[in-house]
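The values are calculated or read from the model by the stated rules, or taken from the named source; none is laboratory data. Owing to the predicted nature of the structure, the values given are computational and were not obtained by experimental measurement. Here Cβ is always computed from backbone atoms with ideal geometry, including for glycine, and neighbour counts include all displayed protein chains. Each accessible area value is taken on the protein alone, full model and side chains, heavy atoms only, with ligands, DNA and RNA left out. Shrake-Rupley method; radii C 1.70, N 1.55, O 1.52, S 1.80 Å.
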Amino acid sequence: CIWDALSGDLVKELKGHTDSVLSVAFSPDGKQVVSGSHDKSVCIWDALSGDLVKELKGHTGSVWSVAFSPDGKQVVSGSDDKSVCIWDALSGDLVKELKGHTGSVWSVAFSPDGKQVVSGSDDKSVCIWDALSGDLVKELKGHTDSVLSVAFSPDGKQVVSGSHDKSVCIWDALSGDLVKELKGHTGSVWSVAFSPDGKQVVSGSHDKSVCIWDALSGDLVKELKGHTGSVWSVAFSPDGKQVVSGSDDKSVCIWDALSGDLVKELKGHTHSVWSVAFSPDGKQVVSGSHDKSVCIWDTLTGDLANELKGHTDSVLSVAFSPDGKQVVSGSNDESVCIWDTLTGDLCKELKKQSLGVTQAPSATADEMRIAAIAMALLRTADPDTSQHEQETQTWQMPGRLITPIPKQQRVWDQVPIQPPWACPNCKGNLSGAVGITQASKGKTKVY
């Protein structure tokens, strides 16, 4: 969905995906939107007319991350099929398929000059690729678990990565050397970003904290405490003076990046907040939630400027257009919506023919998140996860097979989760905790 950031009106509802929309982004000129979906497709949409410009087919697994190149001429995508693809945004042709990862690719990004692509994978590696030749320039090794989030520094000289291993790493993009390993989080790091001047890094973690780090020294500058649930998404304001975070605790928080003080706690969502972003002028914040809504907030007053309703399931990804006049959102309801921030009207409903996917449905985005949380806990309870690889399938996470078990078995660890998730093979919902238990024959299972 594309929304008007001022009025809250729904500008465009882009329909055509046949499964959850996991990632959305505007082109640099704001004229197009790219979306990646659980249905294995990448779509480019006209933000004005709502027409489907191109459907980029080639991936054989869910597309977790998409981004435009700085000049808007190419799109990069990362998938469950272990590949990174570079596409021609005009023709829709596959320019390069970057092969080398041995696990799902969770996060991708172009360098500021568009000459390189960085990717983070379930295989524990960060890869830097030549966007022109498709060659693997550097494989950055050091993480001991899945890499969930990656980003280039504003000057393109460094890369930051966040991982299930609880660490944040800063790498030299030229040499591939590990510059700094930032340790302090006690849970998986879901989201990382550089400040606009490249001097700091912000990270959000399963440990409920937001950390600001000095990118040069690696020192922890500030630990921002206040959230009572996992922090899924973080971002710096355009001037670098503030940080925004979205959490499982249903809140959006704005922090002073210098003092570490909580400036505003934005309350209104009734479930987990998956994605947050600042507007280009820094005056507004947009958030997407499991409560199916997109909210636009005034960063000065903390007031809810607009609540954009239209999605019928979790909103997993949100972003402002480059001019700040529109918002795009991707949802578990299979739609991409463009909203007019002034009027809030829905201008277009974008449709394409069904992809005709006939195989049995794979896990939903929410189940994948549950699996990720559960596996993070599992490592805490039992570092040797090799025994869990062959368990009966309920939720599918690349390389991870998780199954429900009777609740009477001993619980090793628990964490609150919000909101309730349906359990496919057992009665009721997963509404109180993700638990780790000791099952028969020494096997460890997750419910």
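Some points to look at:
- Residues in the range 208-230 that are open to solvent by less than 20 Å² (accessible area, probe 1.4 Å) and of a type in the set (A, V, I, L, M) were compared, and the one that is nearest to the chain's Cα centre (by Cα) is 210.
- All positions within the range 87-103 that are at pLDDT below 95 and crowded, with 19+ Cβ neighbours inside 10 Å: 87, 89
- Entry remark, the range 71-86: residues being under 16 Å from residue 44 (Cβ atoms) and either free of Cβ contacts under 8 Å to residues at least 24 places away in the same chain or open to solvent by 40 Å² or more (accessible area, probe 1.4 Å) (or both) number 3 in total.
- In the range 18-61, of all residues being open to solvent by 10 Å² or more (accessible area, probe 1.4 Å) and of a type in the set (Ser, Thr, Tyr), the one that is nearest to residue 318 (Cα to Cα) corresponds to 23.
- Selected residue (criterion: nearest to residue 162 (Cα to Cα)) from residues of the range 102-123 that are in a loop (DSSP other than H, G, I, E, B) and under 19 Å from the mean Cα position of the chain (by Cα): 122
- One residue alone among 126, 192 is closer than 25 Å to residue 258 by Cβ and under 17 Å from the mean Cα position of the chain (by Cα), and that residue is 192.
- Within the range 294-319, the residues that satisfy the criterion of being within 17 Å of the chain's Cα centre (by Cα) and farther than 18 Å from residue 43 by Cα are 294, 313, 314.
- The single condition among (1) farther than 19 Å from residue 231 by Cβ; (2) part of a strand (DSSP E or B); (3) touching a residue at least 40 places away in the same chain (Cβ under 8 Å) that residue 154 does not meet is (2).
- Answer residue from the range 160-178, given it is of a type in the set (D, E, K, R) and more than 25 Å from residue 232 (Cα to Cα) and is least open to solvent (accessible area, probe 1.4 Å) among those: 172
- Check on residue 138, at positive phi and in contact with a strand residue (DSSP E or B) (Cβ under 7 Å, 6 or more places away or on another chain): no
- Checking each residue in the range 187-207 for being buried (at least 22 other Cβ atoms within 10 Å of the Cβ) and assigned to a strand (DSSP E or B) picks out 189, 190, 191, 192, 194, 201, 202, 203, 204, 205.
- Residue list for the range 128-151, filter: within 23 Å of residue 72 (Cα to Cα), assigned to a loop (DSSP other than H, G, I, E, B) and open to solvent by less than 40 Å² (accessible area, probe 1.4 Å): 131, 134
- Residues that are within 20 Å of residue 278 (Cβ to Cβ), assigned to a loop (DSSP other than H, G, I, E, B) and at pLDDT 80 or above, drawn from the range 1-35: 27, 28, 29, 30
- Residues being small (Gly, Ala, Ser), out of contact with any Lys or Arg (no Cβ under 9 Å at 6 or more places or on another chain) and either at pLDDT 90 or above or open to solvent by less than 40 Å² (accessible area, probe 1.4 Å) (or both) - total across the range 284-316: 2
- Which listed residue is aliphatic (A, V, I, L, M), touching a residue at least 12 places away in the same chain (Cβ under 8 Å) and closer than 20 Å to residue 110 by Cα, from 132, 182, 220, 224: 132
- Extreme residue, nearest to residue 9 (Cα to Cα), among residues of the range 249-273 that are touching a residue at least 60 places away in the same chain (Cβ under 8 Å) and open to solvent by less than 10 Å² (accessible area, probe 1.4 Å): 272
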